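What follows is a single structure, written as structure tokens, with notes after it.
The values are calculated or read from the model by the stated rules, or taken from the named source; none is laboratory data. It should be emphasised that the depicted structure is a prediction, and the values quoted were computed from it without experimental measurement. Cβ placement follows ideal geometry from the backbone for every residue including glycine, while neighbour counts extend to all protein chains displayed. Surface areas here come from the heavy atoms of the whole protein model, side chains and all, with no ligands, DNA or RNA. Shrake-Rupley method; radii C 1.70, N 1.55, O 1.52, S 1.80 Å.
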Amino acid sequence: MKVEGWLNPRTWLSGLSLALLLSGTGCGSEDSIADTQEAPTQEASLLTPLARPNFQAPFPCGQSWTYSHHSAEVRRALDFVNNGGGTNGQPQLASAAGYATRHFESGGAGNYIKVDHGGGWVTYYFHLSAYSVPSGTQVAQGQQIGVTGSTGASSGPHVHYEQLLNGVGQDIVLNGVSLAPYPGSYGSRSITSNNCSSCVLKGDIKAKYDAVNGPALLGRCLAGELPTPDGVGRFNHFERGSIYWTPTLGAHVVVGQIKLKWEQLGWELSALGYPLTDELTTPDGRGRYNHFERGSIYWTPELGAWEVHGNIRAKWEQLGWERSELGYPKTGELATPDQTGRYNHFENGSIYWTQATGAHEVRGLVHAKWAELGWEKSYLGYPVTDEQGAPDGVGRFNHFQKGSIYFTPATGAHAVVGDINAKWVALSREAGLLGYPLTDETKTPDGVGRFNHFQNGSIYWTPATGAQEVHGPIRDKWESMGWEAGALGYPVRDEYAVTGGRESEFQKGFITLNSTTGAVTVRMK
């Protein structure tokens, strides 16, 4: 069976598997595939049954549907069709509150929903033409969960409906009345739905509902007040949102796309915990957000809703939230491929975190260069600083575990790493004689060495010679001779003072500058 979605961790059947393969069960107008029906699992011994929920009809309030049963339907299923015609496309409603998961079985049930009501009670709704709720959603009694159809092994639209207790099919009971003994064909018996959702608001949740003009903001109530699985809080779901309450945090509203994101993450059992605020408007008027115990969800129309939590959120807060240079989040927190770090991407950059380096932001053209080089998988590693301004006020930079990226409007953004970076640091970086980098570290044509060019010179490195700087007229002469591929080879010392001038030593000779005349001479070893 292909299962769409995931089982919500909030399920009331902790440790209990109800993974029944729902192949064809001989619905009135579907092909019988009874030989693929899996026998009920040994679940009765795993869970003490609770009282049967007050199940209601799986179709809308006030509608009258006729029903039938066929002996091949081993789990005491009933098939319903609308008395007034037009069965196809009708809403299918949850018979009682619970947790809905979406499934698909091509040879029998088609698209179907399973609702776990707790205490061993589960209902199934087969052959849906469409789902109406995400997988893992908590649903209220009377909430639409799907649309009637004829998917799977079915030749005509109908509602195939089952009630199971610990994996064993039960006689269908709706509104306290058993529909057994079942009729063998449509037309002889019908039932009018009393699945007319209603609920009572009370206490702090009612006060919050009234305070926010609940009818306009949230719509009608979908279920009575319920306890959260951890036993700490209480909540009500509404047409367009929810109100969650705890004794210490009070009652707060979560609506729209932010609610959907929180639901997707696992409600209050997620890394975020319970809400600390209602949904609020950001100061720039562009976005919306809720703060939670351990994080936040921010939403904009362009980017959608994304969560930010932990050390990354603390760094974003320190920088100024969405008003910072980073802007709004455009991903949730994600793990890096090496599983060492965590990150969120934002409109104009990213925040990366590891246990060793902490959380740091990288943005703009420095961010673009780091991305081009391969992020943390590059030879730079993870950032160890936020973006900072250079002391001269011209450039910007981030330091990384194994090097740096420096940017100016004139030079662009370039990476300096390893021994070349160490040499540049020893020469006072951009404040020294070389200035800002003009290139990333680059491999020499012979494959032996590495180099960076800077505004006023270069640093060349090989395993044999180490990292050495060359600049000014001496560098110009070396360049004219073909760099390291010329007669002199690689530099083996930084430029140094000699009588009457300056000199650099290379593998095979020397270049000397006469400070008085400006003449540059070469002598070989």
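If you go through region 102-117 and keep only what is in a strand (DSSP E or B) and either open to solvent by 10 Å² or more (accessible area, probe 1.4 Å) or among the acidic types (Asp, Glu) (or both), you end up with 102, 103, 104, 105, 111, 114, 116, 117. Counting residues in region 203-211 that are assigned to a loop (DSSP other than H, G, I, E, B) and on the phi < 0 side of the Ramachandran plot gives zero. Mind listing whichever residues of region 289-329 are among the hydrophobic types (A, V, I, L, M, F, W, C) and open to solvent by less than 20 Å² (accessible area, probe 1.4 Å)? Result: 292, 297, 305, 308, 312, 316, 326. Only one entry in 190, 185, 135, 155 is surrounded by fewer than 20 Cβ atoms within 10 Å (Cβ to Cβ), hydroxyl-bearing (Ser, Thr, Tyr) and closer than 30 Å to residue 251 by Cβ, namely 135.
To keep it simple, each residue is scored yes or no on (1) surrounded by fewer than 18 Cβ atoms within 10 Å (Cβ to Cβ); (2) in contact with a Lys or Arg (Cβ under 8 Å, 6 or more places away or on another chain); (3) farther than 16 Å from residue 99 by Cβ; (4) β-branched (Val, Ile, Thr).
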{"position": "195", "(1), (2), (3), (4)": "no, no, yes, no"}
{"position": "205", "(1), (2), (3), (4)": "no, yes, yes, yes"}
{"position": "212", "(1), (2), (3), (4)": "no, no, yes, yes"}
{"position": "219", "(1), (2), (3), (4)": "yes, yes, yes, no"}
{"position": "227", "(1), (2), (3), (4)": "yes, yes, no, no"}
{"position": "230", "(1), (2), (3), (4)": "yes, no, no, no"}
{"position": "243", "(1), (2), (3), (4)": "no, yes, yes, yes"}
{"position": "256", "(1), (2), (3), (4)": "yes, yes, yes, no"}
{"position": "266", "(1), (2), (3), (4)": "yes, yes, no, no"}
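Condition check: aromatic (Phe, Trp, Tyr), open to solvent by 30 Å² or more (accessible area, probe 1.4 Å), at pLDDT 95 or above and within 53 Å of the chain's Cα centre (by Cα). Does residue 424 satisfy that? Judged against the criteria, residue 424 is not a match.
Residues that are closer than 21 Å to residue 131 by Cβ and either touching a Pro at 6+ places or on another chain (Cβ under 8 Å) or not in a loop (DSSP other than H, G, I, E, B) (or both) were ranked within region 51-64; the one that is least open to solvent (accessible area, probe 1.4 Å) is 59. Scan region 65-77 and give yes if some residue there is out of contact with any Pro (no Cβ under 8 Å at 6 or more places or on another chain), in a strand (DSSP E or B) and surrounded by fewer than 21 Cβ atoms within 10 Å (Cβ to Cβ), otherwise no. There is at least one residue in region 65-77 that is out of contact with any Pro (no Cβ under 8 Å at 6 or more places or on another chain), in a strand (DSSP E or B) and surrounded by fewer than 21 Cβ atoms within 10 Å (Cβ to Cβ). Among all residues of region 148-166, there is none that is under 32 Å from the mean Cα position of the chain (by Cα), under 24 Å from residue 199 (Cα atoms) and either assigned to a loop (DSSP other than H, G, I, E, B) or not aliphatic (A, V, I, L, M) (or both). For region 455-525, the strands (runs of 3 or more DSSP E) that sit wholly inside it and include 1 or more residues that are crowded, with 17+ Cβ neighbours inside 10 Å are 457-462, 466-471, 501-506, 509-514, 520-524. From the set of residues in region 277-294 that are within 15 Å of residue 267 (Cα to Cα) and of a type in the set (S, T, N, Q), which is nearest to the chain's Cα centre (by Cα)? Result: 290. Can you spot a residue in region 270-286 that is part of a strand (DSSP E or B), more than 25 Å from residue 201 (Cα to Cα), open to solvent by 50 Å² or more (accessible area, probe 1.4 Å) and out of contact with any Phe, Trp or Tyr (no Cβ under 6 Å at 6 or more places or on another chain)? Checked against the condition, which is being part of a strand (DSSP E or B), more than 25 Å from residue 201 (Cα to Cα), open to solvent by 50 Å² or more (accessible area, probe 1.4 Å) and out of contact with any Phe, Trp or Tyr (no Cβ under 6 Å at 6 or more places or on another chain), region 270-286 yields at least one hit.
Tell me, please, whether a residue that is open to solvent by 50 Å² or more (accessible area, probe 1.4 Å) and in contact (Cβ under 8 Å) with a residue 40 or more places away in the chain can be found in region 330-339. Within region 330-339, one or more residues are open to solvent by 50 Å² or more (accessible area, probe 1.4 Å) and in contact (Cβ under 8 Å) with a residue 40 or more places away in the chain.
Restricting attention to region 340-349, the residues that are out of contact with any strand residue (DSSP E or B) (no Cβ under 6 Å at 6 or more places or on another chain) and buried (at least 18 other Cβ atoms within 10 Å of the Cβ) total 1.
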